[in-house]
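Comments concern the structure below.
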Amino acid sequence: MSTETAPQTAAPVEAARNQPLSIWGALQSNIRDYGLLLVLILIMLFFQAVTDGVLFKPLNLTNIILQNSYIIVMALGMLLVIVAGHIDLSVGSVAGFIGALAAMLMVGWKFPPELAFLANPIIAGLICLVVGALIGGLQGYLIAYYRIPAFIVTLAGMLIFKGLSLAILAGKSVGPFPAEFQLLSAGFIPDFVGPITLVPASEGVQPLVLHGATIVIGIVGVLAMLALALRGRSRRIARGYENEPFALFVIKNVVISAIVLFFTYMLASYKGLPNVLVVMGLLIGLFVFLTKRLTFGRRIYAMGGNLKAAALSGIKTERLTFYIFAIMGALAALAGMIYAARLNSATPKAGQGLELDVIAAVFIGGASALGGVGQVAGAVIGAFIMGVMNNGMSIMGINIDLQQMIKGVVLLAAVFFDLYNKNKA
């Protein structure tokens, strides 16, 4: 009799699994993802209105990207740390220390001829990345193998590397950097396609010339994004998983594509894609692949969801923690170099308070304070929400003290919303 009832009970389960979600059901199950994108759009439209159109000017949009590039770079690493159930308070100080180290290697220290290669921007950059990874790895080792809470280890690291920055800079700014190093944050990709003239110059009319390479990259990027979205949807359907309604799928991708093309056009009407945006794009793609496709990423989520269960299932949680913090250290080093290149000097106070913006961006982006939950796209959107708010409030002339209060309220609201949804579920 059991052989007869098994198929009968399995059939309804399989049928329910293959049944598509309703539009309302899809919105409810993905409320944080859709809500984040909607919040970002609404915030940008609000500041566009109250700043009399300044926010969407090509120069200002470029500045928003440059001002928040190092936050986004560190947010990618912080996402892994928080998903794993830890926290890193040292990233701002590590970024400042690495910026100071880069300045001393390239400008401050006078090397003898046989060691002059250390001052080369490429060699110095690689040294800084390795030092950052070693710093993160050391902190991860203490957390993983000596069971010292991450809060304590990274708080100590914050104080130590803040002090080291002051020590090696001797309390003064060091710069300017070589022109090759400045390209990391201040450069733009070359126009290998050639300018595209939409409005030729004439009497009383300003010419409108677009950066051709930026337009091509933007269009190719949108087409690739749509192809991947369609491929992912078809694979989910083939495997019998629930899918959002096709109408909602189309609307979501049309809106995202329109936003990307709009910003592509705006950037192309100025100087094109900043070099740092290309670096960010490659890192975002790499971390999406790492978290969604690789076993390494799945183990991080498993460890953050239940540490004991992950260890019992065979995951080497100590080694995984070590790797996570080493990655965070390397990204903090890269962010520190981007920050220093943007300022064109290393200052003793560089990186101060950056860890708060990075952590806030990840939590606003949907990561759980309890670990095990978070997405790369959410962290990036959270960082842009913080960046647009900073930029918009600065244009409006709002005092820095009030800006900090507003950002604190936004962070608290985001975490409250996340916990409310979990308790309701």
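The values are calculated or read from the model by the stated rules, or taken from the named source; none is laboratory data. Bear in mind the structure is a predicted one, so any value in this text is a computation, not a measurement. FYI the Cβ positions are ideal-geometry reconstructions off the backbone, even for glycines, and counts take in every protein chain you see.
At a glance:
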quantity	calculated
So T214, is it without any contact (Cβ under 8 Å) to a residue 60 or more places away in the chain and touching a Gly at 6+ places or on another chain (Cβ under 7 Å)	yes
Flag for A167 being free of Cβ contacts under 8 Å to residues at least 60 places away in the same chain and either more than 26 Å from the chain's Cα centre (by Cα) or surrounded by 15 or more Cβ atoms within 10 Å (Cβ to Cβ) (or both)	yes
L343 of a type outside the set (V, I, T) and within 16 Å of the chain's Cα centre (by Cα)	no
Within the range 328-352, tally of residues that are of a type in the set (K, R) and either farther than 17 Å from F181 by Cβ or part of a loop (DSSP other than H, G, I, E, B) (or both)	1
Failed item, numbered, when A332 is tested on (1) in contact (Cβ under 8 Å) with a residue 24 or more places away in the chain; (2) more than 27 Å from M106 (Cα to Cα)	(2)
Residue count, the range 227-265 (criterion: surrounded by fewer than 15 Cβ atoms within 10 Å (Cβ to Cβ) and in contact with a Lys or Arg (Cβ under 9 Å, 6 or more places away or on another chain))	3
Residue list for the range 177-207, filter: over 24 Å from the mean Cα position of the chain (by Cα), part of a loop (DSSP other than H, G, I, E, B) and surrounded by 12 or more Cβ atoms within 10 Å (Cβ to Cβ)	F177, P178, D191, V193, P195
Test: L312 is surrounded by fewer than 21 Cβ atoms within 10 Å (Cβ to Cβ), among the hydrophobic types (A, V, I, L, M, F, W, C), under 28 Å from L101 (Cβ atoms) and without any contact (Cβ under 8 Å) to a residue 60 or more places away in the chain	no
Subset of the range 34-70 (residues that are loosely packed, with under 15 Cβ neighbours inside 10 Å, among the aliphatic types (A, V, I, L, M) and modelled with pLDDT of 90 or more)	L45, A49, V50, L59
Lone qualifier among A103, A133, A95, A116 - being crowded, with 18+ Cβ neighbours inside 10 Å and over 24 Å from the mean Cα position of the chain (by Cα)	A103
Residue match in the range 350-372 (condition: crowded, with 16+ Cβ neighbours inside 10 Å, in contact (Cβ under 8 Å) with a residue 40 or more places away in the chain, farther than 27 Å from G187 by Cβ and touching a Phe, Trp or Tyr at 6+ places or on another chain (Cβ under 8 Å))	yes
Per-region count, the range 353-404, residues part of a loop (DSSP other than H, G, I, E, B) and in contact with a Ser or Thr (Cβ under 8 Å, 6 or more places away or on another chain)	2
In the range 208-255, the residues that are under 30 Å from P190 (Cβ atoms) and either in contact with a Phe, Trp or Tyr (Cβ under 7 Å, 6 or more places away or on another chain) or not in a helix (DSSP H, G or I) (or both)	L208, V209, L210, H211, A213
Close pairs from the range 108-121: first in contact (Cβ under 8 Å) with a residue 24 or more places away in the chain, partner aromatic (F, W, Y) and in a helix (DSSP H, G or I), Cβ under 8 Å, at least 6 apart	P121/F181
Single residue of V260, V254, V276 found to be over 22 Å from the mean Cα position of the chain (by Cα) and under 27 Å from L61 (Cβ atoms)	V254
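A quick yes/no check of all residues on (1) under 30 Å from A103 (Cα atoms); (2) surrounded by 17 or more Cβ atoms within 10 Å (Cβ to Cβ):
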position: V276; (1), (2): yes, yes
position: L282; (1), (2): yes, no
position: L286; (1), (2): yes, no
position: T291; (1), (2): no, yes
position: K316; (1), (2): no, no
position: L320; (1), (2): no, yes
position: I338; (1), (2): yes, yes
position: N344; (1), (2): yes, no
